[in-house]
Structure formats: C-alpha cells, structure tokens
1. Suppose the filter is at pLDDT 95 or above, within 16 Å of the ligand (Cβ to nearest atom), part of a loop (DSSP other than H, G, I, E, B) and crowded, with 16+ Cβ neighbours inside 10 Å; does residue 282 pass it?
2. I'd like the full set of residues that are more than 9 Å from the ligand (Cβ to nearest atom) and assigned to a loop (DSSP other than H, G, I, E, B), limited to the range 371-382.
3. What number of residues within the range 383-411 are over 17 Å from residue 424 (Cα atoms), outside any loop (DSSP other than H, G, I, E, B) and either without any contact (Cβ under 8 Å) to a residue 12 or more places away in the chain or touching a helix residue (DSSP H, G or I) at 6+ places or on another chain (Cβ under 7 Å) (or both)?
4. Being within 16 Å of the ligand (Cβ to nearest atom) and either at pLDDT below 95 or under 23 Å from the mean Cα position of the chain (by Cα) (or both): is that true of residue 228 here?
5. Could you tell me which of the residues 258, 324 is exposed (fewer than 15 other Cβ atoms within 10 Å of the Cβ), more than 16 Å from the ligand (Cβ to nearest atom) and either part of a helix (DSSP H, G or I) or modelled with pLDDT of 95 or more (or both)?
6. What is the residue count in the range 349-368 for residues that are in a strand (DSSP E or B) and buried (at least 24 other Cβ atoms within 10 Å of the Cβ)?
7. Collect the residues in the range 101-143 that are within 16 Å of the ligand (Cβ to nearest atom) and in a helix (DSSP H, G or I), keeping them in residue-number order.
8. Inside the range 341-370, can you point out the residues that are within 16 Å of the ligand (Cβ to nearest atom) and closer than 21 Å to residue 417 by Cβ?
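The values are calculated or read from the model by the stated rules, or taken from the named source; none is laboratory data. Every value quoted in this text rests on a predicted model; they were computed, and no experiment measured them. With ideal geometry, Cβ positions are generated from the backbone for all residues, glycine too; neighbour counts draw on all protein chains shown.
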Ligand code: BGC
C-alpha cells in the first residue's frame with residue numbers, strides 16, 4: 001500500500017496540520033431528501049408566506065433517489081465521516097405503524113456508506129415531526145416522550161446493527177426559539193413558557209434515548225447536536241447589554257446543555273422525577289455558526305462585523321470559545337457536528353474553512369471530528385432554496401451537483417491531513433470576508 005511521507009515543512013506557515021480531527025460533512029433528512037412525506041415542514045411550507053422563496057422540501061436535493069450518486073460523491077471528497085438524518089415521518093407514517101420499505105431504504109444507504117469506508121453519524125430528530133405528531137402538539141403533548149421512545153425503539157431494532165454513532169436531537173434551543181418564541185417556524189407560536197416546556201421535553205427525550213441506545217449497543221457513542229453561540233454585549237460597557245448577554249446565554253444554551261449532558265434540570269426547567277443526575281453524553285456535539293451581539297435584550301450583529309450571505313457574523317475564534325466552555329463543564333471528546341456558512345458565490349467559504357479549522361488545530365482541545373454544514377446546497381428551512389451552504393453546488397432544476405472550490409479545498413485537507421502552504425496559496429490567498437457596512 002502507498003504511504004505518503006510528509007515533508008517536515010509540508011505544513012509550514014501559513015499551513016497547519018490537523019492530526020487529531022477527522023473531517024466529515026453533515027446533512028439532515030428534510031433538507032436533502034425531497035419527496036412528499038407528511039411532515040410538519042411540508043405542511044408549513046404549503047402555507048402562503050412561510051418560506052422566503054416559496055419553495056417546499058418536496059424537491060430539495062432529491063437525495064432519496066440519488067443515494068448511490070451522493071455516496072460516490074462523498075467518496076470523491078475523501079471524507080470518512082458522514083452525518084445524516086432519518087425522516088421520522090417516513091419511518092412511522094401513522095402512529096405506531098412503521099414502514100418496512102423506508103427502513104430498507106435507510107439500511108441500503110447505511111450499508112453503502114459502510115462499504116465505501118464512511119462512518120455514519122445518524123440524527124434521530126432534526127427539526128421535523130410527522131404530521132400526526134405535530135397535530136397532537138408535538139413535544140408539548142403529555143405522551144410525547146413515550147411516542148418518541150417507540151420511534152427510537154423501532155429505529156434501533158431495524159438499523160441499530162449498522163450504526164454506532166448517534167445524535168438523538170438536533171438543536172433543541174433553535175427549535176424552541178424559532179417555533180415557540182419568534183413564531184417564524186412551525187408551529188408558529190409565541191409563548192416563552194411553551195419554549196421552556198419543549199426544551200425540557202427534548203432534554204428528557206434525549207436522556208431516555210441515550211439509555212435505550214446504550215441498552216441496545218453498549219459501545220455506541222451518543223450525543224446531542226447543540227447549537228452554541230457566543231453571546232456578547234453590543235456595547236461592552238453597557239450594563240444592560242452585559243446583563244442581556246448573560247441572561248440570553250443561560251436561557252438559550254447553558255441550562256439546556258446542562259440538562260442534556262448531566263441530567264441536572266435547573267430553572268427555568270424542573271427536575272423530572274425519572275431523571276437522576278449522571279453522564280448522558282459520549283461526545284459533546286457542537287453546531288457553531290455565529291455570535292450574538294446583545295443590544296437592549298435583542299439579538300443583533302456586531303457593527304462592522306464580517307458577515308455571510310444571511311448577515312450572520314463570521315467569528316472563527318468563537319468556535320473555540322464555545323468548545324472550551326463545554327469542555328470545561330463537560331469533559332470528553334468534542335464533535336463539531338455542524339459548522340458552515342451561506343456563500344452562494346463561494347467567494348469566502350475557503351477562507352472560512354481555513355480559519356475555523358486552524359482555530360481547532362491551535363485550540364489544544366480534544367476536537368475529534370469536524371462535520372461541515374453542508375455537503376450539498378439544501379433546503380434551508382424558512383430560507384428555502386435561497387441560502388447556499390454546500391461544499392457542492394446544487395442546481396435545483398436539473399439536480400446537477402458541482403463541487404465548489406471550497407469542496408476541492410476540503411477534499412485536499414482531508415487527503416493531506418492539514419493545509420499545506422501550497423494549498424493555502426491555491427485555495428485561500430487573496431480571499432476576504434464581506435463586511436457589514438453599519
Ligand atoms: C441547523 C441546520 C441548518 C443550519 C444552517 C443549523 O441551525 O441544524 O439544519 O441548515 O443551521 O442554517
């Protein structure tokens with residue numbers, strides 16, 4: 001077998017080696033599969049005015065019909081890890097009725113990945129519910145946890161032999177804030193009390209799933225993909241902004257990460273009778289995108305910040321700040337389960353990759369995985385098809401996939417185990433971030 005002998009200076013400045021962090025790409029079922037499953041988001045997208053470009057998840061990346069092609073493309077990118085989601089509504093189209101064909105489809109996909117030497121990291125819940133579950137109130141229903149347990153048990157029975165790494169729940173805080181405080185995602189409510197109840201239910205669902213998965217497979221690695229942000233006062237000396245940043249951070253992430261990681265439900269949560277404090281994670285999953293500048297208790301973007309197509313601040317060192325916080329509180333392996341940016345022109349994504357991976361390499365933290373969001377362009381929830389996060393560009397009309405420069409750079413990093421000075425010149429040099437004018 002051919003072994004590459006790296007030259008001592010291969011990773012000389014401005015390059016760097018990434019010896020302990022394996023690269024992967026991430027997706028979510030609803031955002032790439034396409035099709036007409038009866039889900040919350042299919043129903044929501046059918047309502048006028050809900051989605052920026054009026055698109056629906058029915059098209060997306062048509063991944064359901066292109067699994068073989070996409071697995072081959074993952075191989076071309078040279079990634080050894082792939083985060084994918086299961087669409088609950090496909091597997092359980094009616095309460096308690098499971099669809100053998102849908103399980104067979106995912107089995108074939110998982111087998112194909114494994115045959116290609118790609119390790120799957122499988123998400124059980126990523127923002128979407130079966131329509132029937134939404135109808136009864138989703139995670140606010142008093143039987144929600146037993147309903148979720150039933151789904152998890154069926155997944156373990158049918159797919160458990162093919163999966164060793166699981167994410168139970170994706171971003172309970174974003175799900176709760178967008179759907180139950182801002183009301184811009186389904187179910188469109190504006191009720192902070194419900195938001196707290198939903199996060200509490202999801203945290204408990206995670207702990208129950210964590211136990212169920214370990215009963216089925218003691219060697220499994222199980223975690224949550226938590227959306228973590230940096231919170232900063234917009235005006236550093238302003239006491240109200242400082243207070244707002246601290247309160248926002250606690251309510252948005254500190255409390256829920258604690259509940260999910262160690263089963264300690266502090267206010268605004270209530271300790272569930274069934275949960276004893278313990279350790280309910282095998283890795284800390286972090287989805288990191290941006291920083292919130294808190295002004296008058298509102299979430300804003302810092303003045304003159306570098307920003308992406310959606311106006312989100314680009315702040316690479318923030319990834320290490322949140323990872324360090326998590327690691328101090330909950331030691332263990334860290335997986336960056338999502339990190340990426342909306343950049344339709346692919347003008348700064350290579351620089352974004354460089355800066356974030358470099359921050360990881362220099363952090364000294366046990367960050368074992370980095371999953372870039374997203375593998376291909378996808379259906380971006382309320383943004384529809386308009387926000388482009390892919391390492392691979394997607395023409396939604398023709399379904400043509402084209403690897404972007406950033407995708408080639410990512411493949412190059414995966415192949416070499418770091419960024420060489422030469423790769424920097426080729427992919428990164430001369431690129432800059434857009435700046436917010438204000
Ligand atoms: C979500 C993804 C989403 C991404 C970019 C994360 O909050 O988990 O589903 O596409 O952010 O918006």
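1. Taking the combined requirement at face value, the residue does not satisfy it.
2. Correct list: 375, 377.
3. Residues meeting the conditions: 5.
4. yes
5. 324
6. 1
7. Within the range 101-143, no residue meets the criteria.
8. Answer for the range 341-370, where residues must be within 16 Å of the ligand (Cβ to nearest atom) and closer than 21 Å to residue 417 by Cβ: 349, 352, 353, 356, 369, 370.
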